[in-house]
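Reviewing the structure listed below.
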Amino acid sequence: MAEARPLYLGPRLRRLRRELGLTQQVMADDLGISASYVALLERNQRPVTADMLLRLAKTYGLDIQDIASDDGDAYARRISEMLRDPIFSGIDLPPLEISDLAMSFPGVSEALLRLHSAYEREHRALAETRLSGSASEDNDPVLEVQHFLARNRNYFDALDTLAEALATEIASEGGAKSWLAAQGVRVRYLPPEVMLDSLRRFDRHNQQLLIVDTLDAASRSFQLATHIVHSRLRSTIAEIVREEGFGSQTAETLAKRALAANAAGALVMPYGRFVRAVEERRYDIVALSRVFGASFEQVAHRLTTLNREGREQVPFFFVRVDEAGNVSKRSDGAGFPYVARGGGCPLWNVHSAFRSPGRIVTQWLELPDGARFFSIARTVISGGGGFGQPGVMRAVAIACAAEEAHKLIYADPNPGEDAFTPIGVTCRLCNRAECVARSAPPIGREILSDDTRRSLQPYAFAET
């Protein structure tokens, strides 16, 4: 008589425990065994004995046949079906190897099935997008420009170097207004009703630069700098854009706008002088804004551009969002993952900053893949400028790798493990099952039926 094969039911036992809403310790207490033994059973490091099957059936009112049914056969069948996908064509995978994988490595089998499920759903979504004629990320001009900036780490040496030299020239003339006067341009500040909904306008006929008079000092300086960039560095910006070869006129226009903003920041905060101040003040954004007469947002954005070879500073990711979570500006120099569309993680402090307007909030972050970052966020207000004039409140955040955070005045140099907040990129790409803030299930995970229990989290996940 053939010897009975040991029965390994790790994934099935783990799924049963989760469906019942039990911890390993609680299940161990119910069955009269240790929690470590439950863990060994779930990892298929111990077979399930006949006695254990009886205990499971009696304790939880289950049918032994349902518990003992072999997951290996089911995994083998599902893996065989998965391997019919054309993406695996040309790979020789004998049935015996598939069976060995399913029986000996149920965890790996589960991971492969989950990954393929996610691939199928994304593939279908992409096909539906193409059939409906909707725009994909590849031809979205905003994303095209964001990717362009990220590839260059938001730094363009020719432009930044020219802006620094121009800043020295302007300083020798006594400032931007004096320098413009020497070029034959008069600067005038006029009321909003005269400016007709413009912040800045150049009157070429009369050689006048007109700026609305309700802007604060930092915004006035930035508008002056932006005009100077457009008049003196236009050809450099055009050359950078031409070399990139954007796919549309809109993308070119957005790229020119972004490059002009970078160059204006370099005029107000010249690289060499700004880097020295950054190192001395340990990235104190408020202090830097007062030294250079810039706004909090302008300084935060300038910090993302400090990537000159040999004088690189801490790489930062920058994002600006409104209270609804809409992203109006972002740039990446730190490799921080961020979705192109849809909401971000509500547990990130860029969203909670609205609860304490004007106050800097900090946060240690940990992503599902284990990557860790340090984040600084604060609200900023644009518009307004007079009684009854509408203003817009947004939040800006910059984030750097956790190992760089000790250089910042805001960070505790020795954060404990409990200091890190687990966040995701977005709910659809986050597999943290325990998150109570989740708004949607992740791609590639099935949702458990909840007709007998309701978990604390919005969704309970099946194993595959």
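The values are calculated or read from the model by the stated rules, or taken from the named source; none is laboratory data. The shown structure was predicted, so the numbers you read here are calculated from the model rather than taken from an experiment. We place every Cβ from the backbone using ideal geometry, glycine too, and count neighbours over all the protein chains shown.
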key: Filter result for VAL425 (among the β-branched types (Val, Ile, Thr), within 21 Å of LEU288 (Cβ to Cβ) and surrounded by 17 or more Cβ atoms within 10 Å (Cβ to Cβ))   = no
remark   = Every listed condition ((1) in a loop (DSSP other than H, G, I, E, B); (2) surrounded by 20 or more Cβ atoms within 10 Å (Cβ to Cβ)) holds for GLY370 save (2)
task = Mind listing whichever residues of the stretch 33-54 are surrounded by fewer than 17 Cβ atoms within 10 Å (Cβ to Cβ) and within 23 Å of GLN65 (Cβ to Cβ)?
result = ILE33, ARG46, PRO47, THR49, ALA50, ASP51, LEU54
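Per-residue answers, yes or no, for (1) touching a residue at least 60 places away in the same chain (Cβ under 8 Å); (2) under 26 Å from THR214 (Cβ atoms); (3) not in a strand (DSSP E or B):
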| residue | (1), (2), (3) |
| --- | --- |
| ARG302 | no, yes, yes |
| GLN313 | no, no, yes |
| ARG320 | yes, yes, no |
| GLU323 | yes, yes, yes |
| SER331 | yes, no, no |
| CYS345 | yes, no, yes |
| ALA353 | no, yes, yes |
| SER375 | no, no, no |
message = Given the criteria of a type in the set (Phe, Trp, Tyr) and either modelled with pLDDT under 95 or in contact with a Cys (Cβ under 8 Å, 6 or more places away or on another chain) (or both), does PHE296 qualify?
response = no
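Condition check ((1) over 25 Å from the mean Cα position of the chain (by Cα); (2) over 14 Å from LEU166 (Cβ atoms); (3) of a type in the set (S, T, N, Q); (4) buried (at least 24 other Cβ atoms within 10 Å of the Cβ)) across all residues:
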{"position": "ALA261", "(1), (2), (3), (4)": "no, yes, no, no"}
{"position": "ALA266", "(1), (2), (3), (4)": "yes, no, no, yes"}
{"position": "TYR271", "(1), (2), (3), (4)": "yes, no, no, no"}
{"position": "VAL275", "(1), (2), (3), (4)": "yes, yes, no, no"}
{"position": "GLU279", "(1), (2), (3), (4)": "yes, yes, no, no"}
{"position": "ALA287", "(1), (2), (3), (4)": "yes, yes, no, no"}
{"position": "ARG290", "(1), (2), (3), (4)": "yes, yes, no, no"}
{"position": "ALA294", "(1), (2), (3), (4)": "yes, yes, no, yes"}
{"position": "THR304", "(1), (2), (3), (4)": "no, yes, yes, yes"}
ask   = Are there any pairs with C-beta distances below 9 angstrom linking a residue in the stretch 79-95 that is free of Cβ contacts under 8 Å to residues at least 40 places away in the same chain to a residue that is exposed (fewer than 12 other Cβ atoms within 10 Å of the Cβ) and not in a helix (DSSP H, G or I), with the two at least 6 apart or on different chains, and if so which?
value = LEU83/ILE91
ask   = So, in the stretch 111-168, of the ones that are aromatic (Phe, Trp, Tyr) and modelled with pLDDT of 80 or more, which residue ends up surrounded by the most Cβ atoms within 10 Å (Cβ to Cβ)?
value = PHE156
task = Would you please list the contacts, defined by Cβ atoms under 7 Å and residues six or more apart or on different chains, that run from a residue in the stretch 23-46 that is within 20 Å of GLU434 (Cβ to Cβ) and at pLDDT below 90 to a residue that is outside any loop (DSSP other than H, G, I, E, B) and of a type in the set (D, E, K, R)?
result = GLU42/ARG14
note = When (1) under 14 Å from TYR8 (Cβ atoms); (2) assigned to a loop (DSSP other than H, G, I, E, B) are applied to ALA74, the one that fails is (2)
note = When the stretch 218-232 is checked residue by residue, the ones that are within 12 Å of ALA176 (Cβ to Cβ) and not β-branched (Val, Ile, Thr) are ARG220, SER221, PHE222, GLN223, LEU224, ALA225, HIS227, SER231, ARG232
query = So which residues in the stretch 383-418 are of a type in the set (Gly, Ala, Ser), touching a residue at least 12 places away in the same chain (Cβ under 8 Å) and exposed (fewer than 14 other Cβ atoms within 10 Å of the Cβ)?
reply = GLY386
query = Quick check: anything in the stretch 396-404 part of a strand (DSSP E or B), closer than 30 Å to LEU456 by Cβ and modelled with pLDDT of 85 or more?
reply = yes
